[in-house]
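Below is one structure, written out as structure tokens; the observations come after it.
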Amino acid sequence: LRVNLARLQATTADSAAAGMPAAFSPAGIVGNAWMSSGAGPHWVKVALPLPVQLGSAQLYLGSDDTAPVSNFSLQYFSSNAWVNIPGASFSGNTATVLNLLFSAPVTASLVRFYSTDAAVRVRELALFAPSGAQGYPLGTDVRLDLAKECRVVASSTAGNNYPGCAVDGYAGTSSGWPTAGV
């Protein structure tokens, strides 16, 4: 079972653009984002409730498939200093979605995304514990479908295919919402 350990944890950042606070970076919903403001370097920090072992991360950066963060590191706080997580430092990155498998697990209660780029947007920062002999969990437990969070109302319904079936995340002939017709 994958559990995003960063989801909804306390966050702070060096800066934030209007309407794009640090709390949006580990919210579990990719539709929101933290965006830096002003001169860099920039960082967003996640405070976990206690030290936990971390083995991988999932990052959604930029804006959809544009504006990736080029230069960044995931860091953890150890012995009064920020230390780069092994296997989680990038220079010249062009991807907006990254699955990161750390070279070695780290134990931390403070983790930060640190970048020297002029403008930084983090849509999601998910952290995962190692999975022992089964390897590391790649992928995330974040939601890309914001419609599933909304109440759905329709003018009519045919059969047992209720309006909520239009946004349930399933595609096919057995799921969906048809109108009752006129």
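The values are calculated or read from the model by the stated rules, or taken from the named source; none is laboratory data. Remember, it's a predicted structure, so these values are computed and weren't measured experimentally. A quick note on method: Cβ atoms are made from the backbone with ideal geometry, for glycine too, and the neighbour counts reach across all protein chains shown. When the accessible area is computed, the model is the full protein with side chains, heavy atoms only, and any ligands, DNA or RNA have been set aside. Shrake-Rupley method; radii C 1.70, N 1.55, O 1.52, S 1.80 Å.
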Evaluate the following for LEU74: is it in contact (Cβ under 8 Å) with a residue 24 or more places away in the chain, surrounded by 13 or more Cβ atoms within 10 Å (Cβ to Cβ), under 22 Å from ALA10 (Cα atoms) and not aromatic (Phe, Trp, Tyr)?
yes
Positions within the range 1-18 being open to solvent by 60 Å² or more (accessible area, probe 1.4 Å), in a loop (DSSP other than H, G, I, E, B) and either within 16 Å of ASN32 (Cα to Cα) or not hydrophobic (A, V, I, L, M, F, W, C) (or both), in sequence order
ARG2, ARG7, LEU8, ALA18
Residues that are within 17 Å of the chain's Cα centre (by Cα) and either surrounded by fewer than 18 Cβ atoms within 10 Å (Cβ to Cβ) or acidic (Asp, Glu) (or both), drawn from the range 95-116
ALA95, VAL97, LEU98, ASN99, LEU101, LEU110
When you look at GLY40, is it part of a loop (DSSP other than H, G, I, E, B) and under 17 Å from ASP117 (Cβ atoms), yes or no?
yes
Does at least one position in the range 62-70 carry a residue that is among the hydrophobic types (A, V, I, L, M, F, W, C), open to solvent by less than 50 Å² (accessible area, probe 1.4 Å) and over 12 Å from the mean Cα position of the chain (by Cα)?
yes
Within the range 34-73, tally of residues that are at pLDDT 90 or above and either on the phi > 0 side of the Ramachandran plot or among the hydrophobic types (A, V, I, L, M, F, W, C) (or both)
19
Mind telling me which of the residues PHE90, PHE77 ends up being over 12 Å from the mean Cα position of the chain (by Cα), farther than 19 Å from SER109 by Cβ and at pLDDT 95 or above?
PHE90
What is the residue count in the range 56-65 for residues that are closer than 17 Å to PHE90 by Cα and either among the acidic types (Asp, Glu) or assigned to a strand (DSSP E or B) (or both)?
6
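For every residue, the table says whether it meets (1) touching a residue at least 60 places away in the same chain (Cβ under 8 Å); (2) among the small types (Gly, Ala, Ser); (3) under 19 Å from LEU5 (Cβ atoms).
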| position | (1), (2), (3) |
| --- | --- |
| ALA88 | no, yes, yes |
| GLY92 | no, yes, no |
| ALA95 | no, yes, no |
| LEU101 | no, no, yes |
| PRO105 | no, no, yes |
| ALA108 | yes, yes, yes |
| PHE113 | yes, no, yes |
| ALA118 | yes, yes, no |
| VAL122 | yes, no, yes |
Which residue is farthest from the chain's Cα centre (by Cα), if the candidates are limited to the range 33-48 and must be closer than 21 Å to PHE128 by Cα and open to solvent by 50 Å² or more (accessible area, probe 1.4 Å)?
TRP43
